[in-house]
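The values are calculated or read from the model by the stated rules, or taken from the named source; none is laboratory data. This one's a predicted model, so the numbers in the text were calculated from it and none came from an experiment. Counting neighbours? That spans all protein chains shown, and the Cβs are built from the backbone with ideal geometry, glycine included. These accessible areas exclude ligands, DNA and RNA; they are computed on the full protein's heavy atoms, side chains included. Shrake-Rupley method; radii C 1.70, N 1.55, O 1.52, S 1.80 Å.
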Amino acid sequence: MANKVGNVLIAQGGGPTAVINQSVVGAVLEARKYPQVGSIYGAIHGVRGIIEEDFVDLTQATTHNLERVAVTPSSALLSTRDKPDAEYCKKIFEVCKKYDIKYFFYNGGNDSADAIRIVNDNANEADYELRCVHIPKTIDNDLRVTDHCPGYGSAAKFVASAFAGANLDNRSLPGVYIGVVMGRNAGFLTAAAALAKKYEDDGPHLIYVPERAFDTEQFINDVDEAFKKYGRCIIAVSEGIVDSKGNPIITNLLGNSEKDAHGNVQLSGTGALGDALGKVIKDRLKIKRVRSDTFGYLQRSFLGCVSEVDQQEAREVGERAAQFAIWNDVDGSVAIRRTGDYSVDYVLTDLKNVAKETKSMPDNFINKAGNYVTANFIHYARPLIGKNMPDFERLQCPIVPKR
């Protein structure tokens, strides 16, 4: 066991999820067990809260309160989109020294892993005893090393349920339906649209992800073929779909597009991508009933659609982070390793293995035509959304002969 006597600091960064608080509560309750831990501070609004010294004392939160927060979606400590550079991280390190922080946990994605890596480097260079552990989360499921990310299972359950409902609606009043799903560089979440499919003619009938180049002509042919076969067509599309040159499709269809705070093209928050694709279908195929939805924030923290598997694993990565740092006296990023069908364990990987870079869907998860997922993806993702998926049924009765 580590003998570092001092305080704990924990923060949350990036987009919220339905289970991110499980990870924080897991780390806090586990850290409370160790006598060398003094106070446990939570930074409000992530790394920004650290440099502004905007802390709450989680040591004094009751266990009952923490357990209630654990099952509440979104970031209880609030979050930030700040992307710390070296100078920013140096300020974080100085605050850690000021508050006698010996254990620093950052719950977030690859940018969060990179920030805590830099802080860890600062501590090593200064010969200051500071254990830094990254706790993974992201609905995009695009962190390297880990088999999957806490937060993804619940978001995937929402997407699967939403498309199942859209499919039932579309079967009643046939037409073309487009659902635009989050995913700038990775298509895992969009692919989850296929997880609730029950009957052969259920939608989604087409799925498009950023890992395969999107061709508008082929898209029109795909929609035309599906519409002729089923009399309707449901399409799941990632906001980050790109052409063969890597240009976002939204810029091809609309020209100049909005940029976010980090200079990235605004992909789907305005609903423009779904509208643009719908217009192409109407203009080219002359189909009158074409509708689109942009799921947006609904995917991240939907209160009534949380995977029990996701909750359990999010809790355990937080607990493991505290164990690795305080008990084993090591730095790194917690990763989930699949050990069976379905079981997992938890390992620690070097921070540099997770920082900055993203993971894409494996090629064998996408069909050759690039417009749907394979059985390999279904086998991978189905356990993550849990066993409590809503079910649906069709009428099973004979057709009355016409007189």
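The table for this structure:
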item	result
Selection status of residue 139, buried (at least 24 other Cβ atoms within 10 Å of the Cβ), in contact with a Gly (Cβ under 8 Å, 6 or more places away or on another chain) and either hydrophobic (A, V, I, L, M, F, W, C) or at pLDDT below 95 (or both)	yes
Any strands (runs of 3 or more DSSP E) falling wholly within the stretch 142-238 and containing at least 3 residues that are buried (at least 24 other Cβ atoms within 10 Å of the Cβ)	176-181, 233-238
Count of the stretch 308-330 residues which are open to solvent by 10 Å² or more (accessible area, probe 1.4 Å) and either farther than 16 Å from residue 32 by Cα or among the charged types (D, E, K, R) (or both)	10
Odd one out for residue 41, checked against (1) open to solvent by less than 40 Å² (accessible area, probe 1.4 Å); (2) part of a strand (DSSP E or B)	(1)
Single unsatisfied condition, residue 343 versus (1) among the hydroxyl-bearing types (Ser, Thr, Tyr); (2) loosely packed, with under 10 Cβ neighbours inside 10 Å; (3) at pLDDT below 95	(3)
Residue that is modelled with the highest pLDDT [pool: residues in the stretch 295-307 that are crowded, with 20+ Cβ neighbours inside 10 Å and small (Gly, Ala, Ser)]	307
Matching residues, the stretch 336-390, being aliphatic (A, V, I, L, M) and closer than 23 Å to residue 157 by Cβ	336, 344, 361, 366, 373, 375, 378, 381, 384, 385, 389
Whichever residue in the stretch 1-37 is among the polar types (S, T, N, Q) and open to solvent by 10 Å² or more (accessible area, probe 1.4 Å) and, among such residues, is nearest to residue 138 (Cα to Cα)	22
